[in-house]
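Chemist: Please see the structure below; I have some questions.
FYI, it's all coordinate maths here, none of it is from the lab. Predicted, not measured: the structure shown is a model, and the values here were computed from it. Quick reminder, even Gly has a Cβ in these numbers, built from the backbone with ideal geometry, and neighbours come from all protein chains shown.
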Amino acid sequence: MSERPPISPRSPRAALEPEQVPPPPKRSERARNPFVVVGNAIITLLLIGMIGAGAAYYYGRQVLESPGPLKEDKVVNIPQRAGKRDIAETLNKEGVTDVNPWVFIGAVAALKASSDLKPGEYSFQKNASLRDVIGTIVEGKVVQHAVTIPEGLTSEQIVARLTDNDIFTGSVHELPREGTLLPETYKFPRGTPRDQVIQRMQQAHKRVLAEIWERRSQDLPVKTPEQLVTLASIVEKETGKPDERSRVAAVFVNRLKQKIKLQSDPTIIYGLVGGKGTLGRPIKRSEITQPSPYNTYVIEGLPPGPISNPGRASLEAAANPARTRDLYFVADGSGGHAFTETYDAHQRNVAKLRAMEKQIQNDTVEPADDAPAPATAAPAAADTAPTATTPPKPTQQKKPPARPGAPARQGAVQPSPPVVQR
């Protein structure tokens, strides 16, 4: 049995006093080392930084990846020389994003795109995230506007169209030569300089012309690509029906081979108004015989240059015309033309057309006394050199050329109502 230590009697006051606790041990000299203190502080800061970075990454990812507020696809224009804050405010204003501009700037920096933001017109998809929005601007996927240049316009008319189109900038410093622009549908971003548009059309024309010239029929009566463009420009102005181009081209090619004047009304108009393209009134009888370098009723062969900018189809037709012996064509009353090899057959087609016109008009319109007979673009007697397809005709068959615009013509015609002689 163990012995208990004797109990020392204490006074009540001593019993109420707290027991003496031994003092804590002194910190070691190592714990008080300044290097240890600094190291502990650094570790603490690193832990706090890692936690903060993780939180920032999570928040940033949420901001970048979350669907945006855009309710439907929208095109927005980012102006030239716009800074990152300007871009952010523009996107917020257009409803593409809804973040603080500083958040946008931070996102751009995080994606390392600060120097890659490009101005232009962009199409943003519905609910595009901030990452998608920035990526679209960085990639420069600007909206492409389709611009269609119709076939058969003059260079002056094409420049006027480009001038009136507000997606282009600048001015055309030099009017391009006639027949050097390729009519087609092109796509351009907003802000494209007009001179750049002209250059692209000229390059396209050179490329297409070179391809077609290499594939041309070897018996063509044209010697240069430029002459081919001139022939194609006449074909372009003479018919708007795609399936007639090669046959219209054949008529003019046959006439060139047989030394017969082309007698095409559009060449008269070009000789009168040049690049303006349209006369705005019927051709006068006196203008048919008026000397002009472009008047193919007067000159032999092709005019000195194109009278419009022909399209690819007309160039193809001129380079590879139909294998026919046609020398005449006349409107058939249905928007097309009737083609013939001989003058007599052509005159019968003219008579049919006149009969149809009279039936439509119910004989209410009487021809003017001095109206020319519905002969052809090239009166038979005027073509003094007989050909295999055009036998010589007696002088009493000689008729004055039909007025331009009249549908009854030997050469090229546009379907239009008869012209009243003034």
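Chemist: What's the exposure ranking of ARG177, ARG354, going from fewest to most Cβ atoms within 10 Å?
Modeler: With the sparsest Cβ surroundings first, the list reads ARG177, ARG354.
Chemist: As an exercise, identify the GluC sites (Glu not before Pro) in region 148-208 lying in DSSP coil whose Cβ has no more than 12 other Cβ atoms within 10 Å.
Modeler: Passing sites in region 148-208 are GLU174.
Chemist: Give me the extension gain from ASP164 to GLU139: residue separation times 0.36 nm, minus the current Cα-Cα distance, reported in nm with one decimal.
Modeler: 6.0 nm
Chemist: Between SER66 and ILE51, what is 0.36 nm times their sequence separation minus the Cα-Cα distance? Round to one decimal in nm.
Modeler: Answer, rounded to one decimal: 3.2 nm.
Chemist: Something else: Using the Kirkwood radius over C-alpha pairs as Rh, can you work out the diffusion coefficient of region 229-362 via Stokes-Einstein at 37 °C, viscosity 0.692 mPa s, in µm² per second?
Modeler: D, rounded to a whole number, is 212 µm²/s.
Chemist: When ranked by the protection proxy of mean other Cβ atoms within 10 Å per residue, highest first, what sequence do the peptides 113-125, 336-348 form?
Modeler: The densest-packed peptide leads the list: 336-348, 113-125.
Chemist: Could you give me the ³J(HN,Hα) list for region 282-288, computed from phi with Karplus coefficients 6.51, -1.76, 1.60 and θ = phi - 60°, whole Hz, x at Gly and Pro?
Modeler: Along region 282-288, the couplings run x, 6, 7, 4, 5, 7, 5 Hz.
Chemist: Using the scaling law 2.2 N^0.38 Å as the reference, what is the normalised Cα Rg of region 148-210?
Modeler: Rg over 2.2 N^0.38 Å, computed on Cα atoms: 1.02.
Chemist: Which number comes out as Rg/Rh for region 185-288 once both Rg and the Kirkwood Rh are worked out on C-alpha atoms?
Modeler: 1.03
Chemist: Okay, which of region 104-126 sit inside 14 Å, backbone N to the point 7 Å along the Cα-Cβ direction of LYS74?
Modeler: Those under the cut-off are 122-126.
Chemist: Report the dimensions of region 67-154 along its three principal axes from the alpha-carbon atoms, largest first, rounded to Å.
Modeler: The Cα atoms of region 67-154 stretch 54, 29, 18 Å along the principal axes, largest first.
Chemist: Around PRO321, what is the net charge, scoring Lys/Arg as +1 and Asp/Glu as -1 over all other residues with Cβ under 14 Å from its Cβ?
Modeler: Around PRO321, the surrounding residues sum to +1.
Chemist: Work out from phi, with θ = phi - 60° and the Karplus expression 6.51 cos²θ - 1.76 cosθ + 1.60, the ³J(HN,Hα) of each residue of region 101-109, listed in order in whole Hz, and give x for Gly and Pro.
Modeler: Karplus-based 3J(HN,Hα) across region 101-109 equals x, 5, 5, 4, 4, x, 5, 4, 5 Hz.
Chemist: With label points built 7 Å along Cα→Cβ from the Cα atoms of ASP219 and ASP98, find their separation and express it in nm.
Modeler: The two pseudo-label positions are separated by 7.5 nm.
Chemist: Which of MET50, MET356 comes first, and how do the rest follow, when ranked by fewest Cβ neighbours within 10 Å?
Modeler: Placing the least packed residue first, the sequence is MET50, MET356.
Chemist: Order these peptides, 300-311, 213-224, 138-149, 244-255, by their mean beta-carbon neighbour count within 10 angstrom, highest first.
Modeler: 244-255, 300-311, 138-149, 213-224
Chemist: For region 228-287, what's the radius of gyration and Dmax over Cα atoms, in angstrom?
Modeler: 12.4, 34
Chemist: P(r) for region 40-188, please, calculated from all Cα pair distances in 5 Å bins and given in %.
Modeler: 2, 8, 14, 15, 12, 9, 9, 9, 8, 5, 3, 2, 2, 1, 1, 1, 0
Chemist: A further question follows. Among the listed pairs LYS126/LYS206; LYS74/LYS206; LYS74/LYS276; LYS118/LYS206; LYS71/LYS141, give every one whose C-alpha distance is greater than 30 Å.
Modeler: Beyond 30 Å: LYS126/LYS206; LYS74/LYS206; LYS74/LYS276; LYS118/LYS206.
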